[in-house]
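Shown next, in structure tokens, is the structure this report addresses.
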Amino acid sequence: MSQDNVIIRPVSTEKAFKMIERENKLIFIVDPKADKNRVKQAVEKLLNVKVEKVNIIRSIKGEKKAIIKLAKEYNAMDIASRLKIV
């Protein structure tokens, strides 16, 4: 699995927007086979940021979501704007 295939798409729900604003976190749908380390590496490489923490959850639809906590020097709102999700 290459790093380019790990991140499928960003999540742009109301809950995701609250996490962007309040917690400096982004949410992505990721490849079902991806683990935390692969997700961290892919996000850092693709978005040119430093990731502090990665949490992985399974959604009701069977998708795998990654909640990415960015390091303090990076602003999730700026990254979300770059990704055109805000």
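Listing for the model above:
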read-out: Residue list for the stretch 1-13, restricted to those being closer than 19 Å to ARG82 by Cβ and polar (S, T, N, Q); value: GLN3, SER12, THR13
read-out: Set VAL39, VAL49, VAL86, VAL43: member being in a loop (DSSP other than H, G, I, E, B), among the hydrophobic types (A, V, I, L, M, F, W, C) and in contact with a strand residue (DSSP E or B) (Cβ under 6 Å, 6 or more places away or on another chain); value: VAL49
read-out: The stretch 14-36, residues that are in contact with a strand residue (DSSP E or B) (Cβ under 9 Å, 6 or more places away or on another chain), within 17 Å of ARG82 (Cα to Cα) and not in a strand (DSSP E or B); value: ALA16, MET19, ILE20, ASN24
read-out: Subset tally (residues that are farther than 19 Å from ARG82 by Cα, exposed (fewer than 13 other Cβ atoms within 10 Å of the Cβ) and not β-branched (Val, Ile, Thr)) for the stretch 47-60; value: 3
read-out: Test for LYS61: is it in a loop (DSSP other than H, G, I, E, B), over 11 Å from ILE27 (Cβ atoms) and more than 10 Å from the chain's Cα centre (by Cα); value: yes
read-out: Residues satisfying the stated conditions in the stretch 64-86, i.e. at pLDDT 95 or above and within 12 Å of the chain's Cα centre (by Cα); value: LYS64, LYS65, ALA66, ILE67, ILE68, LYS69, LEU70, ALA76, ILE79, ALA80
read-out: Any hit, the stretch 66-82, residues being touching a Ser or Thr at 6+ places or on another chain (Cβ under 7 Å) and in a loop (DSSP other than H, G, I, E, B); value: no
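Residue-wise test of (1) surrounded by 12 or more Cβ atoms within 10 Å (Cβ to Cβ); (2) among the aliphatic types (A, V, I, L, M); (3) free of Cβ contacts under 8 Å to residues at least 12 places away in the same chain.
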site: VAL6; (1), (2), (3): yes, yes, no
site: SER12; (1), (2), (3): yes, no, no
site: PRO32; (1), (2), (3): no, no, no
site: LYS36; (1), (2), (3): yes, no, no
site: ALA42; (1), (2), (3): yes, yes, no
site: LYS45; (1), (2), (3): yes, no, no
site: ILE68; (1), (2), (3): yes, yes, no
site: MET77; (1), (2), (3): yes, yes, no
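The values are calculated or read from the model by the stated rules, or taken from the named source; none is laboratory data. Since we're looking at a predicted model, the values are computed, not measured. Heads up, the Cβs are rebuilt from the backbone with ideal geometry, glycines too, and the neighbour counts pull from every protein chain shown.
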